[in-house]
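Enquirer: Supplied in structure tokens, the structure appears directly below.
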Amino acid sequence: MSTIPYKRHNKVLLIYTGGTIGMGRNTDTGALEPLDFSHLIDNLPELRLVGTDVDVHVFSPAIDSSDMTPAHWRSIVEIISSRYANYDGFVVIHGTDTMAYTASALSYMLENLTKPVILTGSQLPIGQLRTDGKENLLTSIELAAAHNADGTPRVPEVCICFGGRLLRGNRSTKSTADGFAAFESYNYPHLCDAGVNFTFHDHHIMLPDYNRPMLPHFDMDSNVIVLSLFPGIQEGIIRHVLDSPVLRSIVLRSYGSGNAPQSPALFSLLKDASLRGVVIVNVSQCVSGAVEMGRYDSGYQLEQAGVVSGRDSTVEAAVTKLMFLQALYHDSQRIREMMQVSIAGEVTFLV
């Protein structure tokens, strides 16, 4: 808890980037297309009834989340950091397809975050009868404003709020394309469940150092690729990927608890890449569980080839963490070491 008085403003900043929540149907083609932000506000009169003031920053033009880039993450960080002192929390309206990537990236880029940054959106546009957008947005604003008796925020983390669940952002992944509970954090408990009441799970919520300022980071290095193993994967294709001169890291999606085919050629390619400075991080293709590279011989062989364990990290968290670390460090060994450290609660340490 804070040892200095915590000043509250009774204000939340709503950052609208785009997404399904603000779309409407084209009368000629029947396809969904972005509408201007006033459309969203017109369909949400309840916004005027929430127990905190809400200011709005609008991205123009709105961004389809499939087009989200590190440059957009930088813009979000710039908005939050420049207005950080004036608000109790921040709600980022975002498309669902890349929401987990953005939430993970922001968790690293906003070091020692002391206020909530909650990402939300919807599966149906807010103007449709059965939209989930109203509940998601209003719940997110309430959670961004929620605070303890001493004024400190209840959830000073980057989170995703969707379908009545508040999840740690860098533990989340999109789990369904058409269900209203579109996100889940399979390897970490919910931070809050929003039913009739809010049920906070306080022992799962990270506490920052309120005596230190939030430190924003703006740069990301995206010279990383995700490589999924599958039966019959060709050595020549792997070699072609690894030979890229700009490649700095690989998220290797392996089988089960971190296993790979017993292929001397594969192990040799990975070892050669590792020796020349490519950081290779092993994450599981399973949605739940963790990589334990010492459990089976193939995992041990990967470890001997210089591959490091991603533990129970999501792909989204691993990719964005590598981007973040590559922007900070040139030394590949330093990056490997930092991949074994929890920066923002993104991994669980194995016993």
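Enquirer: Return the only residue of 284, 313 being modelled with pLDDT of 95 or more, within 20 Å of residue 174 (Cα to Cα) and out of contact with any Ser or Thr (no Cβ under 8 Å at 6 or more places or on another chain).
Expert: Answer to the selection: 313.
Enquirer: Go through segment 271-284 and report how many residues are open to solvent by less than 20 Å² (accessible area, probe 1.4 Å) and closer than 19 Å to residue 331 by Cβ.
Expert: Residues meeting the conditions: 6.
Enquirer: Residue 208 versus (1) open to solvent by 60 Å² or more (accessible area, probe 1.4 Å); (2) assigned to a loop (DSSP other than H, G, I, E, B); (3) not hydroxyl-bearing (Ser, Thr, Tyr): which is the lone unmet condition?
Expert: (1)
Enquirer: Follow-up question, since we're still on this one. Within segment 90-130, take every residue that is in contact (Cβ under 8 Å) with a residue 24 or more places away in the chain, open to solvent by 20 Å² or more (accessible area, probe 1.4 Å) and not charged (D, E, K, R) and give me the one that is nearest to residue 156 (Cα to Cα).
Expert: The extreme case among them is 112.
Enquirer: How about segment 60-89: which of its residues are in contact (Cβ under 8 Å) with a residue 12 or more places away in the chain and either small (Gly, Ala, Ser) or in contact with a Pro (Cβ under 6 Å, 6 or more places away or on another chain) (or both)?
Expert: Matches in segment 60-89: 62, 65, 66, 75, 77, 81, 89.
Enquirer: Which condition from (1) over 23 Å from residue 249 (Cβ atoms); (2) part of a strand (DSSP E or B) is the one that residue 225 breaks?
Expert: All conditions are met except number (1).
Enquirer: Can you tell me which of (1) open to solvent by 20 Å² or more (accessible area, probe 1.4 Å); (2) not in a loop (DSSP other than H, G, I, E, B) is the one residue 341 doesn't meet?
Expert: Single failed check for residue 341: (2).
Residue by residue, here is whether (1) small (Gly, Ala, Ser); (2) on the phi > 0 side of the Ramachandran plot; (3) at pLDDT 95 or above holds:
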| position | (1), (2), (3) |
| --- | --- |
| 8 | no, no, no |
| 20 | no, no, no |
| 26 | no, no, no |
| 36 | no, no, no |
| 40 | no, no, no |
| 72 | no, no, yes |
| 83 | no, no, yes |
| 104 | yes, no, yes |
| 109 | no, no, yes |
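Enquirer: Picking from 220, 206, which residue would you name as being under 20 Å from the mean Cα position of the chain (by Cα), under 17 Å from residue 330 (Cα atoms) and hydrophobic (A, V, I, L, M, F, W, C)?
Expert: 220
Enquirer: Which is open to solvent by 30 Å² or more (accessible area, probe 1.4 Å), closer than 21 Å to residue 18 by Cβ and of a type in the set (Gly, Ala, Ser), of 182, 177, 144, 149?
Expert: Criteria check complete, one pass: 177.
Enquirer: Across segment 320-338, which residue is farthest from the chain's Cα centre (by Cα) among those that are under 28 Å from residue 264 (Cα atoms) and open to solvent by less than 10 Å² (accessible area, probe 1.4 Å)?
Expert: 335
Enquirer: While we're on this one: Considering (1) of a type in the set (D, E, K, R); (2) under 30 Å from residue 85 (Cα atoms); (3) under 22 Å from the mean Cα position of the chain (by Cα); (4) assigned to a loop (DSSP other than H, G, I, E, B), say which one residue 193 fails and leave the rest.
Expert: (4)
Enquirer: Write out, first by first residue and then by second, each pair whose Cβ atoms fall under 9 Å of each other, whose residues are 6+ apart or on separate chains, and whose first residue, in segment 332-351, is over 17 Å from residue 273 (Cα atoms) while the second is part of a helix (DSSP H, G or I) and open to solvent by 60 Å² or more (accessible area, probe 1.4 Å).
Expert: Here the result reads 338/328, each pair linking segment 332-351 to a residue that is part of a helix (DSSP H, G or I) and open to solvent by 60 Å² or more (accessible area, probe 1.4 Å).
Enquirer: Another question, if that's okay. Taking residue 311 and the conditions (1) in a helix (DSSP H, G or I); (2) open to solvent by 20 Å² or more (accessible area, probe 1.4 Å), which numbered condition does it fall short on, given that it satisfies the others?
Expert: All conditions are met except number (1).
Enquirer: Let me ask another. If you scan segment 246-270, which residues turn out to be surrounded by fewer than 20 Cβ atoms within 10 Å (Cβ to Cβ) and more than 22 Å from residue 313 (Cα to Cα)?
Expert: 246, 262, 263, 264, 265, 267, 268, 269, listed by residue number.
Enquirer: Also, quick follow-up: List every residue pair whose Cβ atoms lie under 7 Å apart, where the two residues are 6 or more positions apart in sequence or sit on different chains, the first residue falls within segment 225-241 and is of a type in the set (Ser, Thr, Tyr) and at pLDDT 95 or above, and the second residue, located anywhere, is open to solvent by less than 100 Å² (accessible area, probe 1.4 Å) and assigned to a loop (DSSP other than H, G, I, E, B).
Expert: 228/285
The values are calculated or read from the model by the stated rules, or taken from the named source; none is laboratory data. Please read these numbers as outputs of a predicted model, since none were measured by experiment. In this analysis, Cβ positions are derived from the backbone assuming ideal geometry, glycine residues included, and neighbour counts consider all displayed protein chains. Protein only, heavy atoms only, side chains kept; ligands, DNA and RNA dropped before computing areas. Shrake-Rupley method; radii C 1.70, N 1.55, O 1.52, S 1.80 Å.
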